[in-house]
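Asks: One structure, as structure tokens, below. Some questions next.
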Amino acid sequence: VAPTTPVCVVPSSAMTGTVVQLSCKETEGSPPSEYQWYKNGVALLEKTGTGSARTPNITYTMNKKSGTLIFNTVTKNDTGEYFCEASNGIGLSQRCSVKRMQV
């Protein structure tokens, strides 16, 4: 079953230095969807391990299975327009509407 449009939860504002969690979920897809977050139209990299030399400034953890995007300490650089896309290899991938987060 192809995924439906996911529901994204993006806080409209966040205080610098706080922990912020964005979530994305759709329940119709079978097999379960994987989620990809985008910021300002650019796909965010999934962070694994302790980070590498080319991405030392990643300040978030993205879980493609659960659809969560967690910022350990948000900075002004994290301000932007976010959306997420759900896909499970069946039918077209679906994305939620873009939401702006101001830090």
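The values are calculated or read from the model by the stated rules, or taken from the named source; none is laboratory data. What you see is a predicted model, and the numbers here were worked out from it, not measured in a lab. Here the Cβ positions follow ideal geometry from the backbone for every residue, glycine too, while neighbour counts run over all protein chains shown. Ligands, DNA and RNA are stripped out before the accessible areas are found, and what is left, the full protein with its side chains, is counted by its heavy atoms. Shrake-Rupley method; radii C 1.70, N 1.55, O 1.52, S 1.80 Å.
Asks: Provide the per residue accessible area, probe 1.4 Å, for the chain, rounded to a whole number of square angstrom.
Replies: 57
Asks: Within the range 18-32, what residues put their amide N at less than 20 Å from the label point 7 Å along the Cα-to-Cβ vector of ILE90?
Replies: Correct set: 25-32.
Asks: How would SER12, SER23 rank on accessible area, largest to smallest, probe 1.4 Å?
Replies: Heavy-atom accessible area, descending, gives SER12, SER23.
Asks: Same structure, new question: How high is the relative contact order of the chain, given as a whole-number percent (alpha carbon pairs under 8 Å, six or more residues apart)?
Replies: Taking the mean separation of contacting Cα pairs over the length of the chain, I get 41 percent.
Asks: Could you list, by residue number, the cysteines of the chain that have no other cysteine's beta carbon within less than 4.7 Å of their beta carbon?
Replies: For the chain, the answer is none, because every cysteine Cβ has another cysteine Cβ under 4.7 Å.
Asks: When the Kirkwood hydrodynamic radius is evaluated over all pairs of different C-alpha atoms of the chain, what value in angstrom, to one decimal, is obtained?
Replies: After inverting the pairwise mean of 1/r, the radius is 13.9 Å.
Asks: Which FRET efficiency, nearest 0.05, do GLN21 and ALA43 yield, Cβ-Cβ r, R0 25 Å?
Replies: Calculated value: 0.85.
Asks: Further, regarding this structure: Show me the chymotrypsin sites (Phe, Trp or Tyr not before Pro) within the range 1-48 that DSSP assigns to loop and that have at most 16 other Cβ atoms within 10 Å of their Cβ.
Replies: When the chymotrypsin sites (Phe, Trp or Tyr not before Pro) of the range 1-48 are filtered for loop state and at most 16 Cβ neighbours within 10 Å, nothing remains.
Asks: I'd like the FRET efficiency for LYS99 and VAL1, computed as 1/(1 + (r/R0)^6) with the beta carbon distance as r and R0 of 25 Å, rounded to 0.05.
Replies: 0.45
Asks: Oh, and also: Roll a 1.4 angstrom probe over the protein heavy atoms and tell me the percent of accessible area of the chain that is carbon or sulfur.
Replies: Ligands and nucleic acids excluded, carbon and sulfur reach 54 percent.
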